[in-house]
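The block underneath contains the structure these notes are about, expressed in structure tokens.
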Amino acid sequence: MKIMSINAGSSSLKFSLFNMDNNKVLLSGLFERIGIEGSCYTLKYDEYKIKQEEDIKSHSDAVKILMDKLIELGIVNNLEEIDGIGHRIVHGGAIYKESVVVTDKVLDDIIALSDLAPLHNPAHAMCIKAFKEVLPNTPMVAVFDTAFHQTIEKDRYLYAVPYSWYEDYQVRKYGAHGTSHRYVSLKLKEELKRDDLNIICCHLGNGGSITAIKNGKCIDTSMGFTPHAGIMMGTRSGDIDVSMVPYVMEKEGKSAGEIMNDLNKKSGFLGVSGLSSDSRDIEDGVKEGNERCILAQKMYVNSVVKYIAQYYVLLGKVDVIAFTAGIGENSISTRSDIIEKLTCLGIELDAEANNTRGKFAKISAKNSSVDVYVVPTNEELMIAQDTLNLINR
Ligand code: ADP
């Protein structure tokens, strides 16, 4: 069976077509700058890579080009060979607790939830409609980034603010990266052959979040009402005291939107180091003795350790600490800096085992009180698997 996994942004469309018999990617790629000057697409298959500049006015255009290319490159003989399409949806609000087949009602809900994800949900809806035009009979599935966190109890998802904010405006914790946390949790269950694992999952990418997972269910996560909350990130501040917002607004004569932009795009590694949002540049800066990079790295590690410690207590007994996403999978020194701060809990790395990048591996020492793993995430495959399961049902 062949399943297409889609991740659409406001001006981009990322896709992977999987052969579900062996989980292999047949074709993957990215359409960029949709509706903006300089639009282009990249396609990857076997050992080939094609990059093409082309006028792509809408998501609909991108989908049509993609369909033509699938035939032209001989990836499929006809479009009916595509058995299903899975869409990553950033926000499912409190409505969607798991993936669902896309119906008119689901599409309406995705649009209605745009208030909570104004940059993403409208783009997802646009993309679903574009696929409907070209493949009207192919089943589609919506995979929500927030769904995995819907098992969090009310005393953990609520903020201590006027209750009417929750009742009237749905202000509460929703979390993000749910598809990645779920993938990691399922991968560990499969590899360790255990259903009863308590996991602290650290998704450390450009965005980052940490999740406490008990027996496969999320019981808390570091991101909040929006992906802004939680640990320090590439360009986001993570948790802050909100009083600084009106204070700096007044000092700099900025609007709330401008300050949010500073907190979203100019903070985190970039804000503190003044150099870069990329952890590799920060690592280089640390090696060169750059003080602001050293400070940024220390602050990053502190923020991650704070959540691990919190979830260690919440879970009571932890079986696995998992590292995933760009930094988690690849940054040997960041993993080492984090675990070093957990020595008081009897958690220890095996330096040699930790010398690994991008591969599933146990990296803790033999006598560590908690096993530590690197688990490469695969959100695209998770979306494709959900799609397959739902269309087979
Ligand atoms: P996102 O999906 O949120 O855009 P990624 O999961 O791709 O982010 O992670 C991006 C981060 O991963 C960047 O900070 C980058 O520096 C880091 N990263 C990627 N490869 C490496 C590496 N080899 N060593 C250290 N950090 C890495």
Quick check on the stretch 30-42: of everything there that is touching a Lys or Arg at 6+ places or on another chain (Cβ under 6 Å) and part of a strand (DSSP E or B), which residue is surrounded by the fewest Cβ atoms within 10 Å (Cβ to Cβ)?
Thr42
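Here is a yes/no grid of residues against (1) over 26 Å from the mean Cα position of the chain (by Cα); (2) within 17 Å of Leu107 (Cβ to Cβ):
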{"position": "Met126", "(1), (2)": "no, yes"}
{"position": "Phe131", "(1), (2)": "no, yes"}
{"position": "Pro136", "(1), (2)": "yes, yes"}
{"position": "Met140", "(1), (2)": "no, yes"}
{"position": "Lys154", "(1), (2)": "no, no"}
{"position": "Leu158", "(1), (2)": "no, no"}
{"position": "Pro162", "(1), (2)": "yes, no"}
Could you tell me whether the stretch 378-385 includes any residue that is away from the ligand (no atom under 16 Å from the Cβ) and part of a helix (DSSP H, G or I)?
yes
Subset tally (residues that are surrounded by 11 or more Cβ atoms within 10 Å (Cβ to Cβ), touching a helix residue (DSSP H, G or I) at 6+ places or on another chain (Cβ under 7 Å) and assigned to a helix (DSSP H, G or I)) for the stretch 235-278
7
Suppose we filter Lys359, Lys366, Lys341, Lys306 for residues that are at pLDDT 95 or above and within 16 Å of the ligand (Cβ to nearest atom); which single one remains?
Lys359
Are there any pairs, at least 6 apart or on different chains, whose C-beta atoms fall under 7 Å, with the first in the stretch 382-393 and under 11 Å from Phe18 (Cα atoms) and the second surrounded by fewer than 21 Cβ atoms within 10 Å (Cβ to Cβ), and if so, which?
Ala384/Met20; Leu388/Met1; Leu388/Met20
Residue match in the stretch 217-224 (condition: assigned to a loop (DSSP other than H, G, I, E, B), within 27 Å of Tyr311 (Cα to Cα), touching a strand residue (DSSP E or B) at 6+ places or on another chain (Cβ under 8 Å) and modelled with pLDDT of 95 or more):
yes
Considering only the stretch 44-58, I want to know if a residue exists there that is modelled with pLDDT of 95 or more, in a strand (DSSP E or B) and of a type in the set (S, T, N, Q).
yes
Take Asp284 and tell me if it is out of contact with any Ser or Thr (no Cβ under 6 Å at 6 or more places or on another chain), surrounded by 15 or more Cβ atoms within 10 Å (Cβ to Cβ) and among the charged types (D, E, K, R).
no
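The values are calculated or read from the model by the stated rules, or taken from the named source; none is laboratory data. Small disclaimer: the values here were computed from a predicted structure and weren't measured. Glycine also receives a Cβ, built like all others from the backbone with ideal geometry; neighbour counts cover every protein chain displayed.
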